[in-house]
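One structure below.
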Amino acid sequence: MRILVLHGPNLNLLGEREPETYGSATLADVDALLLRVATELGATIECAQSNHEGVLVDRIHGARGHADAILINPGGLTHTSVVLRDALLAVGLPFVEVHVSNIHAREPFRRHSYLSDIARGVVSGFGPASYELGLRGLLG
Ligand code: CA2
């Protein structure tokens, strides 16, 4: 299994700001964790982060023929992006939506996701472990 991991806007700041909400692990720590788990499970992963919606769309389109599934933390685009939803629907690859924080325990506007109803699964609130659980779910 080839997994494309996508991190959305501002997640490059993970571990550097707001540790009370997002913890102290950096994005590099998360990617290293995912590489270890993927290797353990016989999968390959490619990780990418972008602060730009269109770049994420391009990565999703580019996954056709190159990845079997997508693990995505869309960041704030979770709550706004019909565009990401359309891209994921268009490529038709199974994907899992993950969030470091529990989006249901925060501001009301974070409770709605444009992706959850078309995702294979959703993991939210376990810090970096959300990614690991999502990856294990996809590979399971
Ligand atoms: O909990 C998550 O993983 C989120 O996807 C993170 C998004 C937020 O808009 C979603 O509602 C939930 C925000 C990403 C910002 O990441 C930062 C990390 C460290 C410091 C500041 C921002």
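The values are calculated or read from the model by the stated rules, or taken from the named source; none is laboratory data. Nothing here was measured: the structure is a model prediction, and the numbers come from that model. Cβ placement follows ideal geometry from the backbone for every residue including glycine, while neighbour counts extend to all protein chains displayed. These accessible areas exclude ligands, DNA and RNA; they are computed on the full protein's heavy atoms, side chains included. Shrake-Rupley method; radii C 1.70, N 1.55, O 1.52, S 1.80 Å.
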Seminar exercise, completed: Out of (1) crowded, with 18+ Cβ neighbours inside 10 Å; (2) of a type in the set (G, A, S); (3) within 16 Å of Y131 (Cα to Cα); (4) within 15 Å of the ligand (Cβ to nearest atom), the one S50 does not meet is (3)
Exercise. Quick one: I45 ticks every box in (1) closer than 21 Å to N12 by Cβ; (2) without any contact (Cβ under 8 Å) to a residue 40 or more places away in the chain bar one, so which box is it?
Worked result: (2)
For this session: Collect the residues in region 1-27 that are near the ligand (Cβ under 9 Å from one of its atoms), under 11 Å from the mean Cα position of the chain (by Cα) and of a type in the set (A, V, I, L, M, F, W, C), keeping them in residue-number order.
Result: L11
Problem set entry | Selected residue (criterion: surrounded by the fewest Cβ atoms within 10 Å (Cβ to Cβ)) from residues of region 11-29 that are in a helix (DSSP H, G or I) and touching a Gly at 6+ places or on another chain (Cβ under 9 Å) | A28
For this session: Mind telling me which of the residues A38, A48, A67 ends up being small (G, A, S), under 12 Å from R2 (Cα atoms) and not in a loop (DSSP other than H, G, I, E, B)?
Result: A38
Exercise. When the residues of region 87-100 are filtered to those that are more than 27 Å from E40 (Cβ to Cβ) and in a helix (DSSP H, G or I), which remaining residue is least open to solvent (accessible area, probe 1.4 Å)?
Worked result: A87
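Residue-wise test of (1) touching a residue at least 12 places away in the same chain (Cβ under 8 Å); (2) away from the ligand (no atom under 13 Å from the Cβ); (3) within 11 Å of the chain's Cα centre (by Cα); (4) open to solvent by less than 40 Å² (accessible area, probe 1.4 Å).
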{"residue": "D68", "(1), (2), (3), (4)": "yes, yes, no, no"}
{"residue": "L71", "(1), (2), (3), (4)": "yes, no, yes, yes"}
{"residue": "S81", "(1), (2), (3), (4)": "yes, no, no, yes"}
{"residue": "R85", "(1), (2), (3), (4)": "yes, yes, no, no"}
{"residue": "N102", "(1), (2), (3), (4)": "yes, no, no, no"}
{"residue": "A105", "(1), (2), (3), (4)": "yes, no, no, no"}
{"residue": "S116", "(1), (2), (3), (4)": "yes, no, no, no"}
{"residue": "V122", "(1), (2), (3), (4)": "yes, no, yes, no"}
{"residue": "E132", "(1), (2), (3), (4)": "yes, yes, yes, no"}
